[in-house]
Amino acid sequence: MAVYLMDAALSLLRLYGEWGVDTVVGDSPVDQRLARLGKMRFPGEEPAMRRAPDGRLTGAPGRAAPPAPSVSGQTPPPSPETARPRGSAAQSGPALLAQTLAQARALAAAATTPEALRSAVDGFSACALRTTAMHTLFPTGPLQAPLMIIGEAPDADEDRSGAVFSGLCGDLLARMLTPLGLDRQTLLLATALPWRPPGGRAPTEAELKLCRPFLERAIALFAPQRLLLCGRLPARMLLDAKMPLPRKSWGPATIPGLASPLPTLVMRHPLQLRASATARKEIWQDLMLVAQTLRGSG
């Protein structure tokens, strides 16, 4: 009986992990996103008013009351807080994102080796994904590899193991590479994001912007000869979203830190091998193009 209860508890914990549960809660509901921020007041929202014992109406603590006219009929000059434009509160979000993005870019640019970049990424806690993921995913493979394969955001298997293209995704990638005579040990493998979004949700635009400098710096430091972007997420991060995605042919991708654009091909993700016969046909055609290009270049 005890063994059965232990197995049931472990199964429940694994289920919670799949759902992205990472915090133990009590009987009372708590919004963990706002737990450290206190009460939030939106721009333009007036504070709650209350009546003092002498009959005067006062605002929330720390909020200055409107200035009263002086005896001469002139209004005293406004205080610095009341003189501040109302729109400044609404600008705090974009300003904070710009500051955090500048920090990410500075950390990425300061890394001169893959090892230094790995330490910088693992220690970057300004992105919310870092606090919910189990592991930080970093590119694995040799320098100046003939091909760098970049997948989508880490899935549950990759997040648990800390290894790029592991679990089912790794098995399907091996099925794709084996008939072409390509060994994954000779290739550079990476995920578009270093951390898995909780529950496997789609990353936000802010999260993509914060992770992009680290991905671009990794490409510049590893210096692969070509890029193979598996899925829309890496293509969205590295290529101009206003331009049509290059399919069935190699197109240029400009990477900061590299002297010339890298030949880049966009194709379906290995997990789409299970989607349909059309998906498998398109993947095979793209892989044949990759194999012919690699054999022709070396």
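If I ask for residues that are exposed (fewer than 11 other Cβ atoms within 10 Å of the Cβ) and either in contact with a His (Cβ under 7 Å, 6 or more places away or on another chain) or without any contact (Cβ under 8 Å) to a residue 40 or more places away in the chain (or both), which ones from region 113-126 would you list?
Gly123, Ser125
Does Leu287 fit the bill of being farther than 20 Å from Ala108 by Cα and surrounded by 13 or more Cβ atoms within 10 Å (Cβ to Cβ)?
yes
I'd like to check something: does region 127-146 contain any residue that is in a loop (DSSP other than H, G, I, E, B), under 18 Å from Gly162 (Cα atoms), of a type in the set (Val, Ile, Thr) and touching a helix residue (DSSP H, G or I) at 6+ places or on another chain (Cβ under 8 Å)?
Looking for residues that are in a loop (DSSP other than H, G, I, E, B), under 18 Å from Gly162 (Cα atoms), of a type in the set (Val, Ile, Thr) and touching a helix residue (DSSP H, G or I) at 6+ places or on another chain (Cβ under 8 Å), one finds at least one in region 127-146, hence yes.
Do you know which residues across region 183-214 are of a type in the set (Gly, Ala, Ser), under 15 Å from Val164 (Cβ atoms) and at pLDDT below 95?
Matches in region 183-214: none.
Please tell me if Pro154 is in contact (Cβ under 8 Å) with a residue 60 or more places away in the chain and touching a Lys or Arg at 6+ places or on another chain (Cβ under 8 Å).
no
Looking only at region 195-215, decide whether some residue is touching a strand residue (DSSP E or B) at 6+ places or on another chain (Cβ under 9 Å) and in contact (Cβ under 8 Å) with a residue 60 or more places away in the chain.
yes
Considering every residue within region 198-212, establish whether at least one is crowded, with 16+ Cβ neighbours inside 10 Å and under 26 Å from Ala291 (Cβ atoms).
no
The values are calculated or read from the model by the stated rules, or taken from the named source; none is laboratory data. Being a predicted model, the structure only gives us computed values, none of them experimental. As a convention, Cβ positions derive from the backbone with ideal geometry for all residues, glycine included, and neighbour counts pool all protein chains shown.
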